[in-house]
Each structure stands twice: as structure tokens, then as C-alpha cells.
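Accompanying notes for the structure given below.
The values are calculated or read from the model by the stated rules, or taken from the named source; none is laboratory data. Because the structure is a prediction, the values reported are computed rather than measured. Because the Cβ atoms are built from the backbone with ideal geometry, glycine has one as well, and the counts that use them run over all protein chains shown. For the accessible areas, the whole protein counts, side chains as well, though only heavy atoms, and no ligand, DNA or RNA atoms are used. Shrake-Rupley method; radii C 1.70, N 1.55, O 1.52, S 1.80 Å.
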Amino acid sequence: MNAHRKTRIGRSRAALVISIVAALALTAGTAALASRQSVKATTLTALIGSSGPAETFAVNNAAKAFTKRTGIPVNVIVASDLGQQLAQGFASGNPPDIFYLGNDQVATYAKAGDLAPLDNLKNVKTFYPSLKAAYTYQGHLYAAPKDFSTLALVLNTASWKKAGLTSKSYPTTWKQLATVAKKLTRGGQVGLCTGPEFHRLGVFMLQAGGWLVSKNGKTATVNSKANVQAFNFVKSMINAGSMKLTNQIGAGWGGEGFGKQLCAMTIEGNWIAGAMTHDYPTVSYKVVELPAGPAGKGTLQYDGGWGLAAGSKNKTDAMSLISYLTQTKVEMGNAKAFGVMPSVKADAKEWKAAYPQFAAFLAGADYSKSIPTVPDIGTVLGDFNQQLQGLPTTDPKSILNRVNGELQAILH
């Protein structure tokens, strides 16, 4: 075989190899593209518990914007019973990719292995520290805070004026609260009303220096001296006739009692704004911070978060969706749409400028507390609420002793 023919054969073989390599590369590239398109074609599911049409529209709108940006479809499902549907999803092994999650549920689901940790979430450093703490269980963040609420004191401005009170009369101490509540109790209207539950009356525990658990979270402290003092103060106002629980006045919650003008003041969260606008538009009101107790200021914080299912088959895309939904622009849009407070600190200035009348709610973020991240704490608090309905005729210490035993039984 001469050198010229060897060269031609070598070139032919080289060309064949190049063709094969090119074909393989093209096939691999096509497969990779198909894989990416397949991933993007996978629809993410987001299960929410909506407060109404405004919230549903806002979440759907944000989801569509995410899809437009990424090409990833999102199906927003409005739950009729969020807790039940979420539990069913976990039990069946087919949970939604992301979902609304309250901080009273996070420890229970995290302990069961139902939640994926979100420690590496892109914007994890933008949230209020108290909100991150509310969703942290055994050192890991298990939900991304999306919004939050605190409790404040809501005053009927017409009743306030009729009682001869001014802005200088806004109560800053328990003693002042008792005094103005007495002055406002007139003409068939009680001075103060709120729900017969820990989720409202718990503010007095914090203001007295008490709480549900010890600092290390291992010991129940429900029946502490501070908590006994807190509920004795509440009962003293009830006994004086200047405060009533909503079950005593036939109201379903504080906003209803306040809106129907059965009480001149109530302790409620910023969700009351929507109720006042839609159901009681003629009732004028003012929101101020809750008065301080013997140990200082204190209020309860309620957190809304996005959880990610450990069983999700689309974790990377789902994480991207959660990051998008907790951006400043999206959260501020939600705030304007349905009245929540953004979980990202960067939105605070804009939110206060947009809603100066609700600044007291945001001020509470500096001293508010969320329900402890303890598995099954929701069951204990449910019984606590049941017992507090009988507070007007029951010794507070007996209620606190009972709940303390129940809580200690589930602490580890």
C-alpha cells in the first residue's frame, strides 16, 4: 500500500470518526435540550389557603409572571381545607410542590420528614430574624416567610371621642388600659373585647414576662407566676365589666364584635383592615400599639410561609418559585392586594409610607413572638383555647396547670 493510499484511508477514517462524534454530540445535545424542555414543561403545584378573591388573584398573578420569566408552568390550587389537603398529600406520597405553611405546623411536618430544608434559599438573608426563627426547627429553615401579622389595639374613634378621650389617652400601660376600657363601657358597648383564646390573650403573657416554654424550649412554663398574673389581670377587667370575651357578646371574633360596635376596642391583627373595609365601612377606627405590661411591650406574631415538600420531584424549580414569590416586589404587591405585611425587611419603609395608619402593626415586629416550633403544639393550643372560653367563671391557675401538663408531655 503506497503512502498516498494510506493517507486517503487515514483521512477517510478520520472523517468517519468525526462524523460519528458529531452525530453523538448532536444526539446528546438534542437529548439535553429535550431534557431541559421536559423539566420546564413539568407543572409545579402550589397549594394555598386563600383569604378571598384578592389573595387568590395576587398569587395567580405572581405565578403567571414567574412562568413568563422561566417557562415553568405553575398550577395554583386554592384549598377548601388547607391542613387536611396537605396532610392527605403527604400521606398519599403525592404532595403539592410548594404550599402555605403556618409556623404552628412546621415542627410537626419537619419531624415527620415531610419538608425539604430551605437553608440555601437565594434570598434567605432578607427576612426578619424573628420570622426565620419561627420557621427554624432543629437548626434548619423549613419554610420561607412570605408575610406576617402582629396584634395591636384597635379603637373606635367615635366612641373614643364620646367618652372624652383624646390621642393623649392612648393606653401605654395595663393600668391605663383598664382606665380607658372603663370609660368606654357605656351605652350598651363594652370597653374591650377579644377572642377567648391564647392567640389573642397570649399578648398579656408576654407583657407580664411569661411564655409557653423556657428559653431552651425543653420545659413548659404555661403556669408560671407571670402567666398567672397576666390572666388574673384579664379576669379583673372582665369582673369589672369593662372587658368581655367574644363568646360573651355573641361575636365570632374580635373584628365582628368591634365592627358591630359591641365593643369600643379590640385586640386584633392587621387582617381586620379588610373586614372593616368590606363589612363595616362606616365604622371609623385607629390602630395603636398594645400597652406594655409589668415586663414591657409584647405581642403575638403570626407567620405565613412557603413550604417545599420533601417528596417533590421538582425541587430545583420549586426552590426557584419560592425565591421569586418572596422577592420584595412580589411581597409588596401582595401587601397592596390583600393587606399583609411583607416578610422582607427591605419593604418596611415602602409599606409604612403606603399604610401609615397601620404602622403600629409593623412596630410590633420589634417585640413580637411566634408560637414555639414544637411538634403537635397545635393540639395543645386547641385545648388551651377551649379552656379559655370558661375564663370568666374559672380560676386561671387551674386552666394554666392543665395546659402546662399537656405541653410538657409533648416536649423532648
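For every residue, the table says whether it meets (1) under 21 Å from residue 155 (Cα atoms); (2) at pLDDT 95 or above; (3) of a type in the set (A, V, I, L, M, F, W, C).
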position	(1), (2), (3)
292	yes, yes, yes
295	no, yes, yes
299	yes, yes, no
303	no, no, no
307	no, yes, no
315	no, yes, no
337	no, no, yes
366	no, no, no
374	no, no, yes
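Among the residues of segment 168-186, those identified as open to solvent by 80 Å² or more (accessible area, probe 1.4 Å) and assigned to a helix (DSSP H, G or I) are 168, 175, 182, 183.
Among residues of segment 233-251 being in a helix (DSSP H, G or I) and surrounded by fewer than 16 Cβ atoms within 10 Å (Cβ to Cβ), the one that is nearest to the chain's Cα centre (by Cα) is 249.
Among residues of segment 239-257 that are polar (S, T, N, Q), those with a Cβ under 7 angstrom from a residue that is open to solvent by 70 Å² or more (accessible area, probe 1.4 Å), sequence gap 6+ or separate chain, pair up as 242/182; 246/253; 247/389. The criterion of at least 1 residues that are open to solvent by 10 Å² or more (accessible area, probe 1.4 Å) and either of a type in the set (A, V, I, L, M, F, W, C) or in contact with a strand residue (DSSP E or B) (Cβ under 7 Å, 6 or more places away or on another chain) (or both) is met by the following strands (runs of 3 or more DSSP E) wholly inside segment 252-359: 285-288, 299-308. Looking across segment 187-205, the residues that are in a loop (DSSP other than H, G, I, E, B) and open to solvent by 10 Å² or more (accessible area, probe 1.4 Å) come down to 187, 188, 196, 197. Residues in segment 381-412 that are open to solvent by 10 Å² or more (accessible area, probe 1.4 Å), in contact with a helix residue (DSSP H, G or I) (Cβ under 7 Å, 6 or more places away or on another chain) and closer than 23 Å to residue 103 by Cβ: 383, 385, 387, 406, 410.
For segment 60-94, the tally of residues that are outside any helix (DSSP H, G or I), open to solvent by less than 20 Å² (accessible area, probe 1.4 Å) and in contact (Cβ under 8 Å) with a residue 40 or more places away in the chain stands at 1. Checked against (1) touching a residue at least 40 places away in the same chain (Cβ under 8 Å); (2) under 26 Å from residue 357 (Cα atoms); (3) not charged (D, E, K, R), residue 236 passes all but condition (2). Taken over segment 170-199, the criterion of being of a type in the set (Ser, Thr, Tyr) and touching a helix residue (DSSP H, G or I) at 6+ places or on another chain (Cβ under 6 Å) is satisfied by 194 alone. Looking only at residues in segment 128-145 that are touching a strand residue (DSSP E or B) at 6+ places or on another chain (Cβ under 6 Å) and at pLDDT 95 or above, which one is surrounded by the most Cβ atoms within 10 Å (Cβ to Cβ)? It comes out as 143. Only residues that are acidic (Asp, Glu) and more than 20 Å from residue 180 (Cβ to Cβ) were counted across segment 257-285, and they come to 1.
Considering the conditions (1) at pLDDT below 95; (2) assigned to a loop (DSSP other than H, G, I, E, B); (3) open to solvent by less than 50 Å² (accessible area, probe 1.4 Å), residue 51 is excluded by exactly one of them, (3).
Of everything listed in (1) closer than 19 Å to residue 375 by Cβ; (2) within 19 Å of the chain's Cα centre (by Cα), the single unmet condition for residue 111 is (2).
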